[in-house]
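The values are calculated or read from the model by the stated rules, or taken from the named source; none is laboratory data. Bear in mind that the values here come from a model prediction, so they are computed numbers and not experimental data. When we count neighbours, we look across all protein chains shown, and the Cβ atoms used for this are built from the backbone with ideal geometry, even at glycine.
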Amino acid sequence: MMLRPRVWTIATAALVASAFWCSCAKPPVTKFAIYPPENVAFAGLEVAGPAAISPDGRRLAFIGVDDTGKSQLWVRPLDGATAQPLAATANATYPFWSPDSRYLAFFADGQLESVPASGGPPKTLCPALDGRGGSWGALGTIIFAAGSAAGLSQVPAAGGTPVQATALDPGRQEVSHRQPEFLPDGRHFLYVAISNRAENSGIFAGDTRAGQDARNARRLMSGDARVAYAPPRYLLYPLGGNLVARAFDSQRLVFTGEPLIVADHIGRGFNSHASDLSVSANGALAWRSQPIAPRQLAWFDRSGRQIEGPRGPYFNPSLSPDGKRVALSRLESLAPPTGNIWLLDSVSGSRSQLTVGSGAQLLPAWSPDGRRIAYGLVRPPDYGLYLKNAGGESGDELLLKTAHVAVPMDWSRDGRFLLYAELEPKTKWDLKVLPLGGNKKPMSVIQTEFNEGDGRFSPDGRWIAFWSDKSGRYEVYVRSFQGARATGSAETWQVSTVGGTWPRWRCDGKELFFKSLDNKMMAVPVYAGSTFQAGVPLALFDTHDLEPDNLTYDVRPDGQQFLISGVFEGRRARPVNVYLNWLAGVKR
């Protein structure tokens, strides 16, 4: 059973702090912790964003996940012990407050929505496929990241047609703008710009009046995680693992002091570039520490029975064709991202490192004979696809040098083609094939204005399963593959019905698996002869992964067991820390 703070401790702390705010004395910092309700966990930072404290410092909004895997928006007063769920907010992510603390905005099911903080029906404001943070300005404008591979958008707080607020700068090789934060004037805003070149990523200041001209953006500092503005003159952000505050002139857009430590071990998102913090206008700070629960590999059967595997920073498990070995990406550093490919014996559990080098070696893909492994190298400006003998002997062979981030997806069973994804600044994630014989000239399979990813060849090589966001949310599709005549105009069928990602085939091609948007493992019967036909998707089990945005998996050839890399425990014990009058506790 989890031990929770006494109710009177939290309520009394908040009341005492309120009295201090109303007096002329300078109050000390008051600290307490908030836990989620019974049978509810705080959703993971990567997928749901941080808890958000209201501008008036009286309430905390957060995304909670119950034991059935259902997530929704909750609100809790700081001077009380009971949190209330807000109706009709299922699948909500990245909540943020209106300036008057009366409303909350959030992303859900491909839309940006708002809802009264005291409860009531939500209102759809505009489409937002894959929200990555937003901010509600003092002049009635919301600026937000509608997706993970585009510039920012802005829309009136009452709703309407969004317009582009920032554009990716190809000169800086930018691939994403996200995690915006309005400054007090309601016109200037801060945001994170992510570039293929690490040195070009940073925190920028934009202006809603300037439109999307990238030349009007002003770089403030290096960094790749969200900053929060704390009145009257500070920016809060992660630095070297700590939460720091730095004096900032919001009118001249310049720093006026050096970073000061506020707290240790601040949580931050590797993929989302979120920071686990929120601050009010009157000195209340909410933040969470970096999670200590490790990722683990776990086997699940089709009923959801779990068999634990090794723990560690392992991602992207890829089973060898015979199912006896697993290739993995092991993350070793976040800033800059570095990692190597490791091999795991699925029977004995022994592990060995396959690749050695700087940068990040990602997404291992086995050759059909199980003798070689392809992987992607992310080491700006050196991007490309490489090949390594699975036995570890000899060096790494460069298959293809690319201008942008590229990662292998799958190898055709006849060994003729390597399917890979490449992140293009204009067309986002695209699917391409590299012929492994002949002239080895890459060919586009799917290149549109939308994102397409995680392509997988069917066992007979006639079909490619993949996900795309062309419908306004992620769905799984299958299209025909014509080998050396690969084209973007092939016939396509939608397989998922209410969203899905990460498709995998059974070895006989008669079943296709994917992960639903509500974190369930799905199975679809497939009938593929001269044409393709899919049956009705069936939910096999809930993965209960507490970081579903980072869930990666593979399936045994017979489709009876699933190897999942996830976080399945430890989140419930990590509270939201609340500091009232946080500046009084800064280490100077």
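Quick look at the values:
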{"read-out": "Filter pass, Ala230 being touching a His at 6+ places or on another chain (Cβ under 8 Å), closer than 26 Å to Ala43 by Cβ and in the same structural domain as Ala61 (by TED's automatic domain parsing)", "value": "no"}
{"read-out": "Any hit, the stretch 30-53, residues being part of a loop (DSSP other than H, G, I, E, B) and hydrophobic (A, V, I, L, M, F, W, C)", "value": "yes"}
{"read-out": "Among residues of the stretch 268-291, those that are part of a loop (DSSP other than H, G, I, E, B) and within 14 Å of the chain's Cα centre (by Cα), counted", "value": "7"}
{"read-out": "Given (1) at pLDDT below 95; (2) out of contact with any Cys (no Cβ under 9 Å at 6 or more places or on another chain), index of the condition Pro77 fails", "value": "(1)"}
{"read-out": "Per-region count, the stretch 103-143, residues of a type in the set (D, E, K, R) and not in a strand (DSSP E or B)", "value": "3"}
{"read-out": "Single match in Ala43, Ala87, Ala11 (criterion: small (Gly, Ala, Ser), at pLDDT 95 or above and in the same structural domain as Val576 (by TED's automatic domain parsing))", "value": "Ala87"}
{"read-out": "Output for the stretch 324-349, where each listed residue is within 29 Å of Pro459 (Cβ to Cβ), part of a loop (DSSP other than H, G, I, E, B) and modelled with pLDDT under 90", "value": "Ser346, Val347, Ser348, Gly349"}
{"read-out": "Subset tally (residues that are assigned to a strand (DSSP E or B), within 17 Å of Ala465 (Cβ to Cβ) and not charged (D, E, K, R)) for the stretch 399-438", "value": "12"}
{"read-out": "Residues being within 15 Å of Ala105 (Cα to Cα), out of contact with any Cys (no Cβ under 6 Å at 6 or more places or on another chain) and in a strand (DSSP E or B) - total across the stretch 144-164", "value": "4"}
{"read-out": "Selection count where residues are surrounded by fewer than 19 Cβ atoms within 10 Å (Cβ to Cβ) and either free of Cβ contacts under 8 Å to residues at least 24 places away in the same chain or more than 18 Å from Ala298 (Cα to Cα) (or both), scope the stretch 343-358", "value": "9"}
{"read-out": "Residue satisfying all of: in the stretch 177-234; among the polar types (S, T, N, Q) and over 25 Å from the mean Cα position of the chain (by Cα); surrounded by the fewest Cβ atoms within 10 Å (Cβ to Cβ) among these", "value": "Asn216"}
{"read-out": "Residue within the stretch 470-484 that is in a loop (DSSP other than H, G, I, E, B) and touching a His at 6+ places or on another chain (Cβ under 9 Å) present", "value": "no"}
{"read-out": "Single match in Pro99, Pro95 (criterion: in the same structural domain as Ala284 (by TED's automatic domain parsing), at pLDDT 95 or above and assigned to a loop (DSSP other than H, G, I, E, B))", "value": "Pro99"}
